[in-house]
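Any read-out appearing in this document is the output of simple, stated calculations on the displayed coordinates, not a laboratory observation. Predicted, not measured: the structure shown is a model, and the values here were computed from it. As a convention, Cβ positions derive from the backbone with ideal geometry for all residues, glycine included, and neighbour counts pool all protein chains shown.
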Amino acid sequence: MGKAIDPVCGMDVDLSRAIWKKDVGTRTFYFCSRVCRHTFLENLDEMIFLESMKVAKPRSRSGPVSNETAKEGYES
Ligand SMILES: [Zn+2]
């Protein structure tokens with residue numbers, strides 16, 4: 001399928017085999033090993049900051065549409 005870059009060591013990570021990962025907000029980071037994942041978590045704030053610098057996307061918050069189910073016909 002796809003590949004991701006281990007943000008810690010820069011290695012390619014095969015997504016179909018990735019077992020070390022971490023969800024941060026809407027993103028998922030993949031790691032080649034537990035050590036890299038640990039390092040990432042230790043430096044989470046810095047890593048996120050560096051990632052956001054790299055991506056340099058315009059801030060468009062396209063969050064998920066809240067699918068709150070409107071419950072009609074309330075019965076008591
Ligand atoms: Zn790694």
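What number do you get for region 3-55 when its Cα radius of gyration is normalised by 2.2 N^0.38 Å, N = residues? List each step's numbers first, then the result.
Working: Rg = 10.1 Å, N = 53, 2.2 N^0.38 = 9.9 Å.
Normalised by 2.2 N^0.38 Å, the Cα Rg of region 3-55 equals 1.02.
Mind giving me the nanometre distance, one decimal, between the label points for residue 45 and residue 26, set 7 Å out from Cα along Cα→Cβ?
Each label point lies 7 Å from its Cα, and together they span 2.5 nm.
Please list, ordered by chain and number, the residues whose modelled amide H lies under 5 Å from the amide H of residue 11; skip anything fewer than 5 residues away on the same chain.
Under 5 Å from the amide H of residue 11: 6.
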